[in-house]
Amino acid sequence: MKTYRIALLPGDGTGPEITREAVKVCNAAADKFGFKLDYTHYDFGSERYLRTGETLPDSALDEFRRHQAMYLGAIGHPDVKPGILEVGILLKIRFALDQYINLRPVKLYRAEDCPLKDKKPEDVDFIVVRENTGGIYTGVGGVVQKGAGIEVATQVMQYTRPVVDRCLRYAYEYARRRNRQKRLTLVHKCNVLTHCGDLWVRAHQEMGDRDFPDIEQDYNHVDAASMWFIKQPEWYDVVVTENLFGDIITDIAAMIQGGLGVAAGGNINPEGVSMFECMGGSAPKYTGKNVINPIAAIAAGGMMLETLGEDAAAQAVDLAINQALNGGQIKSLAAGRMGLGTAEVGDLIASLI
Ligand code: IPM
Ligand code: MN
């Protein structure tokens, strides 16, 4: 039987609870569609860091490379200074495994979960392709005269043409494969970021003209996109943007699809090992209470199956989520107000596979 090796990093806080439900549903899909998922568990996260001072050793990266995909629950802990686990684990994996695409579907399953007036599921259904290893996240820059009162800090947004091009190519191809409005909206700030913005704008246009004449080229400044996501989400089909802007606008987008309880994402290396995660954090205050919403984590599992090439299984996961949400048992997407527990939501979705 076809078997996929998955590196599983449940992580911190509610991470293990939601990972359990994602595994439950993915296994149900694997049973139904005739393949197997073979998980290797890793305990990277705050507990291990607080115990040993280690975030993620390089040797783990070599182990990850021997898997077909990775699945991450959540990382973050109130006792660990911001940046240590994010940079030491999450960003380290994204960079080392060259997961250069962050794919974030924005899909509303039921109108009642949308905070926007009169928007229905067909109005909120697009995907953001966020460049995931470049830009200001590379950390180029530094500090001089720290604490001296005249301290200078720089953090540089840097992009090379190949890094921009490979992201755009992925996004254009996605728009073609998706075959909906066939529109690729580039989001940037070329009216102010006249170097990086101009690079993205030219690359977007040149590639579109040359290789994707069937895809409509569209452009929004990032501030305008933040407004249009709220005002007219139905305009969007595939959105492509640089790293930091993508980080910010996908949090906005998560809200119009019903919140972090349903927002999933994939850190994709189209030629290598990809890692799937929900967009929400480790939610310490909900930990261990069986109240966190596992749907985003389950949807991330579905994205993992799709990337592994198990399209039918991935579609079954999406359909099961849709049916569960529209079946009347799940009252709200908010933690603690679902009307069912975390494990019960997982059971329900697994049973619908
Ligand atoms: C995300 C997160 C990360 C990011 C953090 C935790 C480093 O906000 O995945 O969106 O900024 O990319
Ligand atoms: Mn973010």
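The values are calculated or read from the model by the stated rules, or taken from the named source; none is laboratory data. Since we're looking at a predicted model, the values are computed, not measured. Virtual Cβ from ideal backbone geometry, glycine too; neighbours counted across all protein chains shown. Heavy atoms of the whole protein, side chains included, go into the accessibility calculation; ligands, DNA and RNA do not. Shrake-Rupley method; radii C 1.70, N 1.55, O 1.52, S 1.80 Å.
Residue under question is A300, and the condition is that it be in contact with a strand residue (DSSP E or B) (Cβ under 9 Å, 6 or more places away or on another chain) and away from ligand 1 (no atom under 12 Å from the Cβ); does it hold? Judged against the criteria, A300 is not a match. Just to verify a result, which residue in the range 68-96, among those that are among the charged types (D, E, K, R) and touching a residue at least 24 places away in the same chain (Cβ under 8 Å), is surrounded by the fewest Cβ atoms within 10 Å (Cβ to Cβ)? Looking at the filtered set, the residue picked out is D79. Among the residues of the range 127-160, the one identified as loosely packed, with under 12 Cβ neighbours inside 10 Å and either within 14 Å of ligand 1 (Cβ to nearest atom) or within 25 Å of R104 (Cα to Cα) (or both) is T160. When E86, E47, E17 are checked against the criterion of being of a type in the set (D, E), in contact with a helix residue (DSSP H, G or I) (Cβ under 7 Å, 6 or more places away or on another chain) and in a helix (DSSP H, G or I), a single residue qualifies: E17.
State yes or no: is E310 of a type in the set (D, E, K, R), crowded, with 23+ Cβ neighbours inside 10 Å and either more than 26 Å from F64 (Cβ to Cβ) or touching a Phe, Trp or Tyr at 6+ places or on another chain (Cβ under 8 Å) (or both)? So E310 passes the test. Looking across the range 145-181, the residues that are of a type in the set (A, V, I, L, M) and either more than 25 Å from G197 (Cα to Cα) or modelled with pLDDT under 95 (or both) come down to A148, I150. Could you check the range 268-291 and list, in sequence order, the residues that are away from ligand 2 (no atom under 16 Å from the Cβ), closer than 22 Å to A69 by Cβ and open to solvent by 30 Å² or more (accessible area, probe 1.4 Å)? Those that are away from ligand 2 (no atom under 16 Å from the Cβ), closer than 22 Å to A69 by Cβ and open to solvent by 30 Å² or more (accessible area, probe 1.4 Å): P270, E271, G272.
Evaluating V239 against the criteria (1) away from ligand 2 (no atom under 14 Å from the Cβ); (2) more than 25 Å from Q323 (Cα to Cα); (3) surrounded by fewer than 23 Cβ atoms within 10 Å (Cβ to Cβ) leaves one unmet condition, (3).
Okay, residues lined up against (1) closer than 23 Å to E310 by Cβ; (2) crowded, with 24+ Cβ neighbours inside 10 Å; (3) outside the structural domain of T287 (by TED's automatic domain parsing):
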residue: Y4; (1), (2), (3): yes, no, no
residue: L9; (1), (2), (3): yes, yes, no
residue: G15; (1), (2), (3): no, yes, no
residue: A30; (1), (2), (3): yes, no, no
residue: F35; (1), (2), (3): yes, no, no
residue: F44; (1), (2), (3): no, yes, no
residue: R51; (1), (2), (3): no, no, no
residue: R65; (1), (2), (3): yes, no, no
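For the range 128-182, which residues satisfy the criterion of being in a strand (DSSP E or B) and out of contact with any helix residue (DSSP H, G or I) (no Cβ under 7 Å at 6 or more places or on another chain)? Matches in the range 128-182: G141, G142, V143, V144, V152, A153, T154. Among the residues of the range 97-126, those that are surrounded by fewer than 21 Cβ atoms within 10 Å (Cβ to Cβ) and among the hydrophobic types (A, V, I, L, M, F, W, C) comprise L97, A111, L116.
Scanning the range 276-299 for residues that are closer than 14 Å to I75 by Cβ and either touching a Leu at 6+ places or on another chain (Cβ under 6 Å) or not in a strand (DSSP E or B) (or both) gives E277, M279, G280, G281, S282, A283, P284, T287, A297.
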